[in-house]
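The values are calculated or read from the model by the stated rules, or taken from the named source; none is laboratory data. Predicted model, so just to flag it, every value in this text is computed and none were measured. Neighbour counts are summed over all protein chains in view; Cβ atoms, including those assigned to glycine, are modelled from backbone coordinates with ideal geometry. The protein model used for the area step is the full one, side chains on, heavy atoms only, and it has no ligands, DNA or RNA in it. Shrake-Rupley method; radii C 1.70, N 1.55, O 1.52, S 1.80 Å.
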Amino acid sequence: MSGRSLSGLLLFLLLLPWRVVASEAAPTRVIVLGVDHSTQLVARGDQPAALEAFLDRAKPDAICVERTPDAFARNDFHEFTYEVQGVVLPYARRTGVELCPVDWEPSREDQLLGFGIDLDAIPEARPAQGFHQFLSFPQAATLQRGLLHADNPDNVAKVTQWAAQPAATTANDLPRRLYLYRTFMQAKRLAQAAKAHPAGTVLLVVGEFHKRDIEAILASDPAIVLVQPSAIGEPDADEVRNHQRREYRLAIATFNLLGVQAKTGNVDFAWLREEITQLQAEDDTPEVQLLATRLDLLEGRIDARQAIARYERIARMDSDPAFTWNGVKDRARVDSYFDPFGNLGVRRRALIESAREWYRSGKSAKGDALLAPVLKDLTARQRAQVENYWRRELAT
């Protein structure tokens, strides 16, 4: 060995212990932000701009999301995880922050074996109640939810107790057992992501019921230091305002005004009025006009006759533009996860809204006449879904 090689080897050996100590002294910061899927659309304190502002404040090297690696690679996400595809993914892609999937799910075969159904198979017509029903938030407390809701252990105590207590009948214990396994695998994938960013920051956005168990699993990992989102701090009003986007305002209005959420009456109308007013000031498009009409009607600012006139004026436009955001995953269907008519364009939706008001006014023939142009050029499957949901609409 030459003198130069020997010197190099000695220098490497001298530096090696320092490198190990340095690595141990600088673990990866891991932040687990627990969310309630899609509540960003109904709770002002948990709104999309607040979530984006928090992401910006945390300055992560990578953001992990609740999706399996194979589905993530296909750009396939749960339809109800608005916070992922509506906020996290666009933010990460705009800013160049790395994304990482951390979820685990049983195979379709295991779902059929354990539950007797494919959990991802949505019925042709979603049920009015039960599994795969349209998503809404009827609880008044949801509107008061804040961004850091899950940091308080009391707020997720119910699922913590459920996870620790086997079902009274062992044959019914599969959901709890799968939850525990799924959360464990989420934690292990999150640990992998942390190891890929030594001395950096990795942020996980995940359903709040997984948060505490993930943190407990990672607590003893010397390469990780867990940081509570509350230590990062909730963005202030200016930060939220700076991260506001038109698409966020439209998503909030669409969910609350056109989805089944409106029927619950559990709507922050003051917040919606602010959002609609801002949208009108920016660009009063037919989409915004339809949403504004629906808000005015729900608040009693206009009557059915006035609403019909405004809806039918919108319906006279030649084109039928899609809504900026509608939550639709399967474009072959007519519905979304929160709205029976979610995949209809603005013109057709104006006809639906007008028909509804004619029926409520006791003039069903006028309402029926408006359905024909709604059904025109739809597939047989879509027509059947419109007719099914319309019958249900008339029955409520």
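Quick notes
- Among the residues of region 97-104, none qualifies, meaning not one is at pLDDT below 95, more than 30 Å from D339 (Cβ to Cβ) and either in a helix (DSSP H, G or I) or in contact with a strand residue (DSSP E or B) (Cβ under 9 Å, 6 or more places away or on another chain) (or both).
- Residues in region 272-312 that are farther than 19 Å from R360 by Cβ and either of a type in the set (K, R) or at pLDDT below 95 (or both): R273 alone.
- Evaluation of G116 against (1) more than 20 Å from P229 (Cβ to Cβ); (2) buried (at least 18 other Cβ atoms within 10 Å of the Cβ) (one fails), failing number: (2)
- Boolean, K363 is in contact (Cβ under 8 Å) with a residue 60 or more places away in the chain, farther than 23 Å from M317 by Cα and surrounded by fewer than 20 Cβ atoms within 10 Å (Cβ to Cβ): no
- When region 367-382 is filtered for residues that are more than 21 Å from D318 (Cα to Cα) and of a type in the set (K, R), only R381 remains.
- All positions within region 104-132 that are in contact with a Lys or Arg (Cβ under 6 Å, 6 or more places away or on another chain) and closer than 30 Å to K263 by Cβ: D118, H132
- The residue that is nearest to the chain's Cα centre (by Cα), counting only those in region 366-396 that are among the acidic types (D, E) and open to solvent by 70 Å² or more (accessible area, probe 1.4 Å), is E387.
- Considering only residues in region 137-169 that are open to solvent by 30 Å² or more (accessible area, probe 1.4 Å) and of a type in the set (S, T, Y), the one that is farthest from T264 (Cα to Cα) turns out to be T169.
- So T68, is it among the β-branched types (V, I, T) and open to solvent by 40 Å² or more (accessible area, probe 1.4 Å): no
- Evaluated against (1) of a type in the set (K, R); (2) crowded, with 18+ Cβ neighbours inside 10 Å; (3) not in a helix (DSSP H, G or I), R249 falls short on exactly one condition, (3).
- Residue that is nearest to V159 (Cα to Cα) [pool: residues in region 190-220 that are among the β-branched types (V, I, T) and open to solvent by 10 Å² or more (accessible area, probe 1.4 Å)]: I217
- Output for region 341-355, where each listed residue is open to solvent by 20 Å² or more (accessible area, probe 1.4 Å) and either over 26 Å from the mean Cα position of the chain (by Cα) or of a type outside the set (S, T, N, Q) (or both): R347, R348
- Residues of region 1-55 classified as modelled with pLDDT of 95 or more and aromatic (F, W, Y), total: 1
- Any hit, region 237-255, residues being more than 21 Å from the chain's Cα centre (by Cα) and free of Cβ contacts under 8 Å to residues at least 40 places away in the same chain: yes
- Elements of type helices (runs of 4 or more DSSP H) contained in region 255-321, each with 3 or more residues being loosely packed, with under 13 Cβ neighbours inside 10 Å: 269-282
- Some residue of region 267-274 being over 23 Å from Q144 (Cβ atoms) and small (G, A, S): no
- The residues of region 341-360 that are over 13 Å from I314 (Cα atoms), in a helix (DSSP H, G or I) and not charged (D, E, K, R), listed by number, are A355, W358, Y359.
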